[in-house]
Amino acid sequence: MNPVLSVSGYTLDYVTSGGTHRALDDVSLAIAPGEVLGLVGESGSGKSSLVWSIMRHLPRNARELQGAIHLGDTDLRRATPKALLGIRGRRIGMVFQDPSTSLNPTLTLGRQLTEVLVRHRGFSKAAAWQEGIELLRRVELHQPEVLMRRYPHEVSGGEKQRVVIATAFGCRPELILFDEPTTALDVITGARILDLFRRLRAETGVAALYISHDLGLVSRIADRVAVMRRGKLVEEAAASTIFRAPAHEDTRRLVDAVPRPERRLVFDEPSGPVLLGARDIAVQYGRKTLFRPAPPPATRNVSLDVREGEILGVVGESGSGKSSIARALTGLAEFRGGIRLGKRPIAGVAQMDAAYRRAVQIVFQHPDTSLNPRQRVGEILGRPLRMFGGDAREIPRLLEQVRLPASYAGRWPHQLSGGEKQRVAIARAFAAKPALVICDEITAALDVSVQASIIDLLLALRAEHGTAYLFITHDLNLIRQIAHRIAVMRRGELVDLLAVDALQGESVHPYTRELIAASPTPVG
């Protein structure tokens, strides 16, 4: 059979003020009808550049040097702008990483869905509305008639992604490009989205290019996997083969970096006293008004302890209250209940003085939003040093401690990669010489090899300083590698708190079992 998509000898450069950057170098691949090709590689490997080349949405500084891109018999590189308007959406669908950026916040979901159906399938507005309802029902959304009249901010992330998928499949395309479609979702919602994709693929026979840095996920959904490295395609094989017997050095490195529960990285058992104890913590956002009742609490009566030097994992789906606990423990959210740091009771945010804030630090998920873009790295690290009695002369040591050159003190955040930014955020937390560092989804946005290097760094800092971690994540495979105990949150409540070795026991909560079942591990 002729391939749905074929890319032959394609080379792409970006011209920047700093010179010419080779984004794609002689890339060739093909996808057969009904086939799913997984595309993996580190950040900057060229995955997204290939997607934008296929969609013909390249920036002005892009230079296509050679090669061909065909959708069936259509030469996409030679297609006119008018022809491309009929190809995008109708023949090629697209599902992006963050559904919030794919949907117009000023239009209802129904308006956005029907506009696509009117344009690409020729429906009348009335017929498109009814078809939209059926599409939302097909992607297993409840009360589709109600959802059609809602705005994007009125539905969850998983519901938004289902609407995007419904829109992509609704035009009956030949090919759908998936660019990290579950990265922004928790593990259970992501697993449900993947189950939905499998079913729709079986029903429609659509071909797909599936981009992800989650190799465990790719191994379960793709027929074949292609591995990219610095713009080159270094290996391509059946999914089972590439994880069982990777041929290329870069593929082996990526496979080795995939978190596997059986590969424990921490073996000691903390036996010291309780460092931080939380009792009956409740966090409430919003208040009752004349026109609406108070929203449900983000957390309800959560109690947990962290021992000196312990790594306590906190897992659960989006909205379970994980980050609300982190905000309460760091004074970023008002709370009811009590906190004890060592023998010192903390009854509320007002009692969290400089000594408490020095002892309990936090590293956030997105360093782009937590690092001031108007300050150089040295200024970012200098502030906590000044606040907690340190010396600016310690900045080179802090950078070297997180495995960055001392010269990075003169750089701006935008000059750093995602992993480098997160290292700066970690260095800022350790500038206070804390006893406990709360890590709130700090590896969620990183590719698998960078994630592995960040985890290695955190464990090395713990070995050097004896620091305890409260590690919030939706990656159960990762946390089972490094944590001593795991706390499981669901709908604002703590449903399990147990040692990692007890996760397979009979007393485990059913929801914990659901989390374990939803966590993808490589099949090979």
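Nothing in this text is a laboratory measurement; each read-out follows from the coordinates by a stated rule. Source: prediction; values computed, not measured. Note that we place each Cβ from the backbone using ideal geometry, even for glycine, and neighbour counts take in every protein chain shown.
Determine, for PHE388, PHE169, the number of other Cβ atoms within 10 Å of each Cβ, and report the residues in order from fewest to most.
PHE388, PHE169
Expressed as a whole number of Å, what is the distance separating the alpha-carbon centroids of the range 227-262 and the range 73-119?
Centre-to-centre distance over Cα atoms comes out at 32 Å.
Per DSSP helix of 4 or more residues, -39500 (n - 2.57); summed, then divided by the residues of the chain. What does that give at 222 nm, rounded to the nearest 500? Can you show the working numbers first?
On the way: 20 runs with 188 residues, N = 524.
That comes out to -10500 deg cm²/dmol.
For the range 5-57, just the Cα atoms, rotate onto the principal axes and tell me the three extents in Å, largest first.
Computed over the Cα atoms, the extents are 42, 21, 19 Å.
Exposure proxy check: SER6, SER519 ranked by fewest other beta carbons within 10 Å?
Values: SER6 16, SER519 23.
Sorted ascending by nearby Cβ count, the order is SER6, SER519.
Given points 7 Å out from each Cα along the Cα-Cβ axis, report the ALA392 to LEU459 separation in nanometres with one decimal.
Rounded to a tenth, the inter-label distance reads 3.8 nm.
Can you tell me what the convex hull of the Cα atoms of the range 6-137 projects to on average, as an area in nm²? Mind dumping the intermediate values first?
Details: hull surface 41.4 nm².
Value for the range 6-137: 10.3 nm².
Can you list the aspartates and glutamates whose alpha carbon sits under 18 Å from that of LYS343, skipping same-chain ones fewer than 8 residues off?
Qualifying aspartates and glutamates at Cα under 18 Å: ASP280, ASP305, GLU308, GLU310, ASP353.
Could you check the simple spin-label distance between VAL118 and SER100, using points 7 Å along Cα→Cβ, in nm with one decimal?
Between VAL118 and SER100, the label points sit 2.9 nm apart.
Just check the range 362-457 against the gyration tensor rule for me: Cα atoms, a ≥ b ≥ c as the square roots of the eigenvalues, rounded for a/c under 1.5, and otherwise prolate or oblate depending on whether a/b exceeds b/c.
Values: a/c = 1.58, a/b = 1.31, b/c = 1.21.
Since a/c reaches 1.5 and a/b is larger than b/c, the shape of the range 362-457 is classed as prolate.
For the pair ARG491 and ARG336, what calculated FRET efficiency results from E = 1/(1 + (r/R0)^6), where r is the Cβ-Cβ distance and R0 = 25 Å, to the nearest 0.05?
Working: r = 18 Å, r/R0 = 0.71.
Efficiency, rounded to the nearest 0.05: 0.90.
Under a straight-distance cross-link criterion of Cα-Cα below 25 Å, which lysines are reachable from LYS232, leaving out those fewer than 8 residues away in the same chain?
List returned: LYS47.
With the Cα gyration tensor of the range 302-341 giving a ≥ b ≥ c as the square roots of its eigenvalues, does the rule (a/c under 1.5 for rounded; else a/b larger than b/c for prolate; else oblate) give rounded, prolate or oblate? Can you show the working numbers first?
On the way: a/c = 1.96, a/b = 1.09, b/c = 1.80.
Cα axes put the range 302-341 in the oblate bin.
How many percent of all Cα-Cα pairs in the range 99-172 sit more than 16 Å apart? Mind dumping the intermediate values first?
Working: 1021 of 2701 pairs.
Result for the distance tail: 38 percent.
Going 7 Å from the Cα of GLU203 toward and past its Cβ, which residues in the range 118-143 have a backbone nitrogen under 11 Å from where you end up?
Taking a point 7 Å out along Cα→Cβ of GLU203, the residues of the range 118-143 whose backbone N falls under 11 Å are 134-141.
What full-extension length gain, to one decimal in nm, is calculated for ALA83 and HIS248 as 0.36 nm per residue of separation minus the Cα-Cα distance?
55.5 nm
Using a cut-off of 11 Å between beta-carbons, work out the net charge of the residues near GLY205 (Lys and Arg +1, Asp and Glu -1, GLY205 not included). Don't skip to the answer; put the middle values down first.
Details: positive: ARG172, ARG201; negative: GLU35, GLU174, GLU203.
Value of the local net charge: -1.
Round to the nearest 0.05 the FRET efficiency obtained for ASP256 and HIS366 when R0 = 22 Å and r is the Cβ-Cβ distance.
Values: r = 27 Å, r/R0 = 1.21.
About 0.25, to the nearest 0.05.
Listing MET228, MET148 from the residue with the fewest other Cβ atoms within 10 Å to the one with the most, what is the order? Please report the intermediate quantities before stating the final value.
On the way: MET228 26, MET148 22.
Least crowded to most crowded, the residues run MET148, MET228.
Calculate the dipole size of the range 99-172 relative to its Cα centre from +1 charges on Lys and Arg beta carbons and -1 charges on Asp and Glu beta carbons; express the result in debye to the nearest 20. Intermediate results must be reported in sequence, preceding the final value.
Working: 11 positive and 7 negative charges, 36 e Å.
It works out to roughly 180 debye.
Roughly how compact is the chain, stated as its Cα Rg over 2.2 N^0.38 Å to two decimals? Working shown, then result.
Working: Rg = 24.5 Å, N = 524, 2.2 N^0.38 = 23.8 Å.
The value comes to 1.03.
Taking the Cα centre of the chain as origin, sum charge times position over the Cβ atoms of Lys and Arg (+1) and Asp and Glu (-1), and report the length of that vector in debye to the nearest 20. Each step should come with its number before you reach the end.
Values: 69 positive and 56 negative charges, 298 e Å.
Taking the Cα centre of the chain as origin, the dipole is about 1440 debye.
For GLU140 and ALA499, what does the FRET efficiency come to when R0 = 30 Å and r is the distance between their Cβ atoms, rounded to the nearest 0.05?
Numbers: r = 36 Å, r/R0 = 1.20.
With R0 = 30 Å, the Cβ-Cβ based efficiency is 0.25.
Please give the charge dipole size of the range 378-489, origin at the Cα centre, charges +1 on K and R Cβ atoms and -1 on D and E Cβ atoms. Round to the nearest 20 debye. Before the final figure, lay out each step's value.
On the way: 13 positive and 11 negative charges, 52 e Å.
So the magnitude is around 260 debye.
How much length is gained if the chain between LEU65 and SER240 is pulled fully straight, taking 0.36 nm per residue apart and subtracting their Cα-Cα distance, in nm to one decimal?
Numbers: separation 175, 0.36 × 175 = 63.00 nm, distance 3.42 nm.
Gain on extension, LEU65 to SER240, equals 59.6 nm.
Kindly write out, for the range 100-114 in residue order, the coupling ³J(HN,Hα) from the Karplus curve 6.51 cos²θ - 1.76 cosθ + 1.60 (θ = phi - 60°), rounded to whole Hz, with x marking Gly and Pro.
5, 8, 8, 10, 6, x, 8, 10, 5, 4, x, 4, 5, 5, 5
Counting only the backbone N, which residues of the range 26-49 are under 15 Å from the spot 7 Å out from the Cα of LEU58 toward its beta-carbon?
Flagged as within label range: 26-28, 46-49.
Does the range 158-287 come out rounded, prolate or oblate by the C-alpha gyration tensor, with a ≥ b ≥ c the root eigenvalues, rounded set by a/c under 1.5 and, if not, prolate when a/b is larger than b/c and oblate if not?
oblate
Could you give the angle, 0 to 90 degrees to the nearest 10, between helix 448-465's Cα long axis and the longest principal axis of the Cα atoms of the chain?
Approximately 10 degrees, to the nearest ten.
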